[in-house]
Structures are given as structure tokens and as C-alpha cells.
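The values are calculated or read from the model by the stated rules, or taken from the named source; none is laboratory data. As the structure is a prediction and not an experimental result, all values here were calculated from the model. Cβ coordinates were reconstructed from backbone atoms using ideal geometry, including for glycine residues, and neighbour counts include every protein chain displayed.
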Amino acid sequence: MAATTPRRGFVHANVNGVQNRGVFADVNQPPLDNLIEPFGLIGHFLAHPPAGFSILDLGNGVPAFSAPFDLLTTVEKPVRRVIDMLLFSRVLRRLLVANTCFVGTTTSEYSIFPAGTSADDLANRLVMDIAPHYPFLIIKDLPGDSVLVGEAAYAWSQTLIELCRARGFVALEGQALAYVPIDFASTDEFLMRRSHARRKNLRRKLKAASGLRIEEIHSGDDAFSSGPLLARLYELYRNVYDQSEIHFDLLTEPFFRSVLQDAAIGGIIFLYYDGAELIGFNLCFHEKSMLIDKYIGLSYPQARDHNLYAVSWFHNLEYALAHGLRYYVAGWTDPEVKRELGAQFTFTKHMVYVRNSLLRGLLRRLRRLFESDHARHGR
């Protein structure tokens, strides 16, 4: 649960499901259920949304956005290939791509709600006032357990899930959120829990750290007034985004600039140099008892040559140990790689409302196709 002290918040005009640009303002921000990041990060998302996103007002301070979305985004490639072979595939693909309302943000691990929000009122408003305006309405990333959000927030989210299910929403298993409980005294102890083969492979990769220089600076540092440094960091972020299999939320340069120049948000930036060349960065947040790994940028092929992903993973574990933290939260992407590095997983649920009743029935029958992370990494 978030702190009750005054924080920078967001204010919206009171409109019903109409596109509306969020406004940053100084307000007394109430506690937010499911929020594990600094609230300021949400404010920067609302002020500088990803490319093609439009911020929406749903009332009561619930952040949301609209964006073009392909429902097959999370379906595995072999399944997409089979769908593309169907006689009616072109018609189906057109039906499955539409301007979609998302309840949540892409900078928070979970959808967030002001504490005290009525789940019943919210579910009614979504179905009656918002859903008629969009082919798809998705409440994204409701927590599947209480490990990171706490029991009260988890219980509220479960109530919302059941209320939405009763109103015709389809529940889909979400992605695998990787995290590491810091229940070890050293990274050597952490490594000893891995199999012999994995331990040997990781030790080999970590030898590359000796050839790197690692700097730690904080958001708001004077270094982020430098145009060339900001441009380089965004270039490194785009390198990772462009090689990813999923392209959905392309963060903008103004977003990165505003986050990196915001001292109050408490961002921790680890910079990785090979000689004089900046070949990678990791933007993290130390919030409550967690180190939250938000964004990484890499230069290829240097990052691969230096095994920078594994090196940065263990550097983050060392930071969490040194600061007495309980969890390292490592994000959604690349679950196979993160499992190899020792991650555990917590899952979310997406609640999807499809305006077209025929497509809604089809989604109910085929929902397992959209749940690849849970099929592979769920327990």
C-alpha cells in the first residue's frame, strides 16, 4: 500500500470515456492499491505516454489509456502461423486488431486503483459507460497473488475479477513477472542453489564483469542535463525494444528525459562502460523493500560479448543485498532467460471485455492460446 503523505498526482477533466490528456498537478495523493513503484513514474507516463497511446479518464483517479492492439500479440509464433493459414484468417486478423481501452499503465507492474474505490461501482462503470466505446476493454495485470502487493490489495483485486467475470469479462492469465526473494546472505550462496551446470555457466559469464566499469548515479543528477548522454541512453533503450519479439509500448524520449531529470522519483541508474564507451544501462527504483528493475538499454554486439544481461542481474542482486531489501523485481520479458538466472514468477490476470458477442464467445473457447507464459512457467 502506498504512503499517505502528500505526493505529486494527476488530475483529469471529468469526462466519460473520452480521450483526455492527463495533467500533472500538486495534490494530496491517496494510497493506491497494487502500486509498487514510485507514484511519480505514473505521473510521467500520463504526461508523456508511449507512442500512439492516448490517456483516458475513467473517473476516481484510475489511470487508463487507449491504443491500437492486436489480441494475438501474446500468442506464440506457431499458433499465429496456423491462424494465418486459415481461409478466413485475413478477416479474423482485422477483427482482432482495434483501438482498445486499457485500465492500467505500462510503467506499473500492476493496474492501480485509489484505495477505497468501490469494485462494484468500477465494474458497473466499465461495462455501462466505457465498454460501448471500444471493441475491446482490458483491465491489465491484476495481481495473481499477494507476494508483492500485500493481502489487502490482492483481496480487492480478486473481488474486482469476480465482479467483472459476472458482467461478461473473460479472464486471461497474464505474463510471468520475474522476482527474486533476497533470502540468501551472498550471491555465492545464491549461485550454490543453482544446478552444477547452471552455476558453472553463470560463473563463466560473470567473469566478463572484470572488464567493465560500472557507475551508479541517481535521477536528477546534473549528468542528465547533457543532451548527448540522454540521446545515448534512449538509443540503447531502442536497441532492446527493436530486437524484442513484442512491440507494444514504445516509450518516448520526452518520457525518459522527464524521468531521468526528476530527483524526487528516486531513480537509480547503473551505467556500464567498456573503456570509454557506454554499452548499457539499467534504470531501477528502490521502493519500500524492493529493488524494481524497470528499463534496460544495451549496445549490440558489445552487450552480448560481455554477457551484460547476466552481469547486470547479479549487480542488482548485490545492490539488494547491500541495502537489506526483501525482493528484486525483474520485470515481464524474457522469462526463460530469467528462470536460468534464478528467478521465481508471479502471474497476473487480464480481464477482457469484447463488445462483439460472437468474438466474446470465441475468446472464451480459445483463451488458452493467449496464456503462453502461464503454460510454460506456471506451477
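For the reader, a short list of remarks on this structure follows.
- When Ala303, Ala330 are checked against the criterion of being in the same structural domain as Phe248 (by TED's automatic domain parsing) and of a type in the set (A, V, I, L, M), a single residue qualifies: Ala303.
- Pairs linking a residue in region 149-169 that is without any contact (Cβ under 8 Å) to a residue 12 or more places away in the chain to a residue that is crowded, with 17+ Cβ neighbours inside 10 Å, with Cβ atoms under 6 Å and 6 or more positions apart or on different chains, are Tyr154/Pro143.
- Applying the criterion of at least 1 residues that are hydroxyl-bearing (Ser, Thr, Tyr), surrounded by fewer than 20 Cβ atoms within 10 Å (Cβ to Cβ) and at pLDDT below 95 to the helices (runs of 4 or more DSSP H) found wholly in region 321-379 leaves 357-366, 372-377.
- Set Ser210, Ser186: member being surrounded by fewer than 17 Cβ atoms within 10 Å (Cβ to Cβ) and more than 21 Å from Tyr328 (Cα to Cα): Ser210
- Candidates are the residues of region 46-96 that are among the aromatic types (Phe, Trp, Tyr) and under 16 Å from Leu359 (Cα atoms); the one that is modelled with the lowest pLDDT is Phe88.
- Filter result for Phe281 (modelled with pLDDT of 95 or more and not in a strand (DSSP E or B)): no
- Some residue of region 195-208 being part of a loop (DSSP other than H, G, I, E, B) and modelled with pLDDT of 95 or more: no
- The set of residues in region 213-267 that are under 18 Å from Ala303 (Cβ atoms) and assigned to a loop (DSSP other than H, G, I, E, B) comprises Ser244, Glu245.
- Scanning region 27-70 for residues that are closer than 20 Å to Ser258 by Cβ, among the small types (Gly, Ala, Ser) and not in a strand (DSSP E or B) turns up Gly40, Gly43, Ala47, Ala51, Gly52.
- One residue alone among Leu172, Leu230, Leu191 is touching a Lys or Arg at 6+ places or on another chain (Cβ under 8 Å) and under 22 Å from Trp313 (Cβ atoms), and that residue is Leu191.
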